[in-house]
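Worksheet: one structure, shown below.
We did not get these values from a lab; they are worked out from the coordinates using the rules stated. This structure is a prediction, so every number in the text was calculated from the model and none was measured. No Cβ is skipped: glycine too gets one built from the backbone with ideal geometry, and neighbour counts run over all protein chains shown.
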Amino acid sequence: MLDVGDEVISSLVKLAVAERIGEASLTGIGAVKDVVLGYLDLEKKQYLKREFGPDSMELVSLAGNLALLRGEPVAHCHAVLSDREMRAFGGHLFQAVTSVTVEIFLHVYEGEIKRRFDPDSGANPIVL
Amino acid sequence: MLDVGDEVISSLVKLAVAERIGEASLTGIGAVKDVVLGYLDLEKKQYLKREFGPDSMELVSLAGNLALLRGEPVAHCHAVLSDREMRAFGGHLFQAVTSVTVEIFLHVYEGEIKRRFDPDSGANPIVL
Amino acid sequence: MLDVGDEVISSLVKLAVAERIGEASLTGIGAVKDVVLGYLDLEKKQYLKREFGPDSMELVSLAGNLALLRGEPVAHCHAVLSDREMRAFGGHLFQAVTSVTVEIFLHVYEGEIKRRFDPDSGANPIVL
């Protein structure tokens, strides 16, 4: 569980470092603000970003995983958010600050997932 | 699995009581109607609600958990729904009646999660 | 993990056949293209379909399960997608081709889930 003010992605990475997690899947819900979502533009090979203002939004779905990139833990999460009209927005989650609470369930596995930069897409896909 | 006519939140609570579940995470999909979604307004410290009519909607993501509030099981779920144009809506799930089927996977843990009312937000966050 | 060009539903079914999976739940994220989403119209007892073009979309939530229908593995998945404006769309997932990567976590159970065609809805709900 995250407290008000905790940023989701950095909190997950901090936890992965502290607990030496090399592989985990996660789902979560909550309410967040100051969100940055991304859409990977395959032609430009970079993420388009959209910032959502200081208003709290419902975090209606947080899904993702923890893995290692060059030996360092990384959190890859996608999120669905909704506003006060209950309209839904979604994308790659770059940032979200806990506004009320964020409740995450983590399934930690014994192995490791490794990621590597892929120049074809600009992303860091999993290497099996 | 829920049958046609079963309400999602009350069915989860009933199950938690019957099986004495103190902590669980859950994900699910299905099709529902008579849905009530909520958005927590932090200034008013109360949920704004939006009702979705009698038409069936796809339940494209159900995510949440079971915990205890003053010793009684409570289900905290967020949902993403979509209509016949495949537009997505989301929020805190207050109510959803199964219109076709709802398929939920529950991961039950041995411990207990306790919630407590928080006057600062008007919500019932987890107490660790 | 799926590679670029892999179709999600058929890849899941292929895996279920190869690994003799009779019951599993799954969650995933990624980026996909050539998506077909569905909405079950209860009056017509058939799915309305909407095709999303060749542009890549973020797969912000993939949720579902593997079960058996007349002895053959079937994947029942719902998906939430988002476009370059981060708008979210959702529905029953008929088809999605991996455009960058799709990362799925599967929880395989020892039992079997059986589905059977239901003429009342036109769907194949789980039989307990």
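Using unit Cβ charges (K, R positive; D, E negative) and no other charged atoms, how large, in debye to the nearest 20, is the dipole of segment A:1-69 about its Cα centre? Computed charge dipole of segment A:1-69: roughly 260 debye.
Averaging sequence separations of C-alpha pairs under 8 Å and six or more residues apart, then dividing by the length of segment B:1-75, give the relative contact order as a whole percent. Once divided by the residue count of segment B:1-75, the mean separation gives 37 percent. Start at zero, step by 10 Å, and the Cα-Cα distances of the protein assembly as shown spread as 5, 25, 37, 25, 8, 0 percent across the bins.
Hey, got a sec? Which GluC sites (Glu not before Pro) in segment C:1-97 land in a DSSP loop and have at most 14 other Cβ atoms within 10 Å? If you can, show how the numbers build up before the last one.
Working: sites: C:Glu7, C:Glu19, C:Glu23, C:Glu43, C:Glu51, C:Glu58, C:Glu85; in loops: C:Glu19, C:Glu23, C:Glu43, C:Glu85.
Counting only loop positions with at most 14 other Cβ atoms within 10 Å, the GluC sites (Glu not before Pro) in segment C:1-97 are C:Glu19, C:Glu43, C:Glu85.
Kirkwood radius for chain A, taken over all pairs of different Cα atoms as the inverse mean of 1/r, rounds to 15.0 Å. Both numbers refer to the Cα atoms of segment B:56-125; Rg and Dmax are 14.5, 42 Å. Under a model in which nothing but the beta-carbon of Lys, Arg (+1) and Asp, Glu (-1) is charged, chain C shows a dipole of about 320 debye around its Cα centre. Going by Cα centres, segment C:111-128 and segment C:18-51 are how many Å apart? Value for the Cα centre distance between the two parts: 15 Å.
Across the identical copies, the 7 Å label point of C:Phe117, projected outward along Cα→Cβ, sits 5.4, 5.4 nm from its counterparts, in ascending order.
Contact order, relative form, for chain B: 35 percent (alpha carbon pairs under 8 Å, 6 or more residues apart, mean separation divided by residue count). In nanometres and ascending order, the distances from the A:Leu128 label point to those of the other copies are 3.4, 3.4 (point 7 Å from Cα along Cα→Cβ). Averaged over peptide B:103-110, the number of partner chain Cβ atoms lying within 10 Å of each residue's Cβ comes to 4.
Structural descriptor for segment A:76-127: relative contact order 21 percent, calculated from alpha carbon pairs under 8 angstrom and at least 6 residues apart. Quick one: net charge around A:Thr101, please, counting Lys, Arg +1 and Asp, Glu -1 for every other residue with C-beta under 12 Å from its C-beta. Neighbourhood net charge equals -4.
Sparsely packed loop sites in segment A:11-63 (the trypsin sites (Lys or Arg not before Pro) outside DSSP H, G, I, E and B with at most 11 other Cβ atoms within 10 Å) comprise A:Arg20, A:Lys44.
Out of all DSSP beta bridges with both ends in chain C, state the antiparallel percent to the nearest 5. Mind showing how you got there, number by number?
Details: 48 of 50 bridges.
Close to 95 percent.
If both residues of a DSSP beta bridge must be in the protein assembly as shown, then about 95% of such bridges are antiparallel. Each copy carries a label point for C:Pro54 at 7 Å from Cα along the beta-carbon vector; from one copy to the others these points are 4.5, 4.5 nm apart, nearest first. Compared with the alpha-carbon gap, the fully stretched path from C:Arg20 to C:Glu112 is longer by 32.1 nm at 0.36 nm per residue.
Considering only A:Val127, A:Leu37, A:Leu93, and ranking their Cα positions along the charge dipole of chain A that arises from unit charges at the beta-carbon of Lys, Arg, Asp and Glu, the one farthest toward the positive end is A:Val127. Under 20 Å from a point 7 Å along the Cα-to-Cβ line of A:Asp41: which residues of segment A:103-128 have their amide N that close? Within reach of a label on A:Asp41, which here means backbone N under 20 Å from a point 7 Å along Cα→Cβ, segment A:103-128 contributes A:118-124.
Comparing A:Leu66, A:Leu37, A:Leu15 in a Gaussian network model of chain A (Cα springs below 10 Å), the most mobile by mean-square fluctuation is A:Leu15. Over all distinct Cα-Cα pairs of segment A:4-54, the Kirkwood formula returns a hydrodynamic radius of 13.4 Å. For A:Ile21, the shell of other residues with beta-carbons less than 13 Å away shows a net charge of -3, using +1 for Lys and Arg and -1 for Asp and Glu.
Within the shell defined by Cβ-Cβ distances under 12 Å, the residues around A:Val35 carry a net charge of -3, with Lys and Arg each +1 and Asp and Glu each -1. Grab the DSSP H runs of chain B that are 4 residues or longer, score each as -39,500 (n - 2.57), total them, divide by all residues and round the 222 nm result to the nearest 500 deg cm²/dmol. Helices in chain B give a 222 nm mean residue ellipticity of -2500 deg cm²/dmol.
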